[in-house]
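Here's the structure, in structure tokens; my notes come after.
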Amino acid sequence: MENKNLAKSDCGCDPYLLSLVETTQGQESTVRKSNRTGLLLASVTGGAAIILSAVCFPFVSPALRRVVLPYVPASTQQVENVMKALSKSHSGGSKLIDLGSGDGRIVLAAGKKGFQSHGVELNTVLVLYSKLNAWRNRIKNATFSRQDLFKVDYTKYNNIVIFGVEEMMPELEQLFEKSLKSSSQVIACRFPLPNWKPIHVIGEGIDTVWVYEV
């Protein structure tokens, strides 16, 4: 320390000016440290946001790509209403398909009731999530696949469940008219088919279920 002060006095500089220079250098050092800390925090925060977006994206992205149909989990009441509709089924069969099955809760609930149930979903993460839940709950008659609902062989199923949006229901109605075998049953949730007359209406509001017989 003494050597440093001696060197300063030997340079012939004004001590006051030297103190100003030292103060300025100290402030610059503090600013640089602050900037580095800010950049580090920004990098960590940005990285966390990217990871969170990557994890959440599959759950909010459209599950049925022909129309904008984001993943919205069925409520407990909606699941119960679908089960009530299935209990009233006159289809004479126990094979069920859920179109846009999401996290698989309808398929799993139907599987527990003894239906050979299958979920169709375009979102790979949701399909894997549903399969994991089926495995964890040991429901062997509940299966899932990544598939376009417009390319399904509907002749294999007696009960068709669809959680759609209003814009897609007319197109689905036409698809069902061409593809479903007689005595099949369609259970529409949230929105009805525009021209078919339901044989049962269960629930109310967003939990309403319309039951149609082909």
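The values are calculated or read from the model by the stated rules, or taken from the named source; none is laboratory data. Note that this is a predicted model, so its numbers are computed, not measured. With ideal geometry, Cβ positions are generated from the backbone for all residues, glycine too; neighbour counts draw on all protein chains shown. SASA here: full protein model, heavy atoms, side chains in, ligands and nucleic acids out. Shrake-Rupley method; radii C 1.70, N 1.55, O 1.52, S 1.80 Å.
Considering only residues that are of a type in the set (Gly, Ala, Ser) and in contact with a Lys or Arg (Cβ under 9 Å, 6 or more places away or on another chain), look in region 139-179 and name the one that is nearest to PRO198 (Cα to Cα).
First, the residues of region 139-179 that are of a type in the set (Gly, Ala, Ser): 142, 145, 164, 179.
Filter again for in contact with a Lys or Arg (Cβ under 9 Å, 6 or more places away or on another chain), leaving 142, 164.
Values: ALA142: 27, GLY164: 16 Å.
The residue in question is GLY164.
Which residues, counting only those in region 155-175, are of a type outside the set (Val, Ile, Thr), over 22 Å from the mean Cα position of the chain (by Cα) and farther than 18 Å from VAL82 by Cβ?
Within region 155-175, LYS156, PRO170, GLU171, GLU173, GLN174, LEU175 qualify.
Every residue, every condition in (1) over 20 Å from TRP210 (Cα atoms); (2) at pLDDT below 95; (3) in contact with a helix residue (DSSP H, G or I) (Cβ under 8 Å, 6 or more places away or on another chain), yes or no:
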| site | (1), (2), (3) |
| --- | --- |
| ALA85 | no, yes, no |
| SER89 | no, yes, no |
| GLY100 | no, yes, yes |
| GLY119 | no, no, yes |
| LEU126 | yes, yes, yes |
| LYS156 | yes, yes, no |
| GLU166 | no, yes, no |
| PHE176 | no, yes, yes |
| SER182 | no, yes, no |
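For a quick check of your reading: which strands (runs of 3 or more DSSP E) sit entirely within region 126-214 and have at least 2 residues that are within 17 Å of ILE97 (Cα to Cα)?
Strands (runs of 3 or more DSSP E) meeting the threshold: 142-146, 159-163, 185-189, 209-213.
State all residues of region 75-96 that are open to solvent by 80 Å² or more (accessible area, probe 1.4 Å), in contact (Cβ under 8 Å) with a residue 40 or more places away in the chain and more than 15 Å from ILE199 (Cβ to Cβ); if no residue qualifies, say none.
Selection gives LYS95 alone.
So ILE206 ticks every box in (1) touching a helix residue (DSSP H, G or I) at 6+ places or on another chain (Cβ under 9 Å); (2) surrounded by fewer than 17 Cβ atoms within 10 Å (Cβ to Cβ); (3) farther than 15 Å from ASN81 by Cα but one. Which box is left unticked?
Here ILE206 meets the rest and fails (3).
Of all residues in region 154-183, how many are among the acidic types (Asp, Glu) and open to solvent by less than 70 Å² (accessible area, probe 1.4 Å)? Even if it seems obvious, please write down each step before you answer.
Initially, region 154-183 is screened for residues among the acidic types (Asp, Glu), giving 166-167, 171, 173, 177.
Narrowing the set further to residues that are open to solvent by less than 70 Å² (accessible area, probe 1.4 Å) leaves 171, 173.
Matching residues across region 154-183 total 2.
Considering only region 97-107, state which residues are surrounded by fewer than 23 Cβ atoms within 10 Å (Cβ to Cβ) and assigned to a helix (DSSP H, G or I).
ARG105
Quick check on this structure: which one of SER179, SER184, SER94, SER145 is over 24 Å from the mean Cα position of the chain (by Cα), more than 22 Å from GLN78 (Cβ to Cβ) and not acidic (Asp, Glu)?
After applying the criteria, what remains is SER179.
Is it the case that some residue within region 123-145 is open to solvent by 10 Å² or more (accessible area, probe 1.4 Å), closer than 24 Å to VAL201 by Cα and touching a Phe, Trp or Tyr at 6+ places or on another chain (Cβ under 9 Å)?
No, every residue in region 123-145 fails to be open to solvent by 10 Å² or more (accessible area, probe 1.4 Å), closer than 24 Å to VAL201 by Cα and touching a Phe, Trp or Tyr at 6+ places or on another chain (Cβ under 9 Å).
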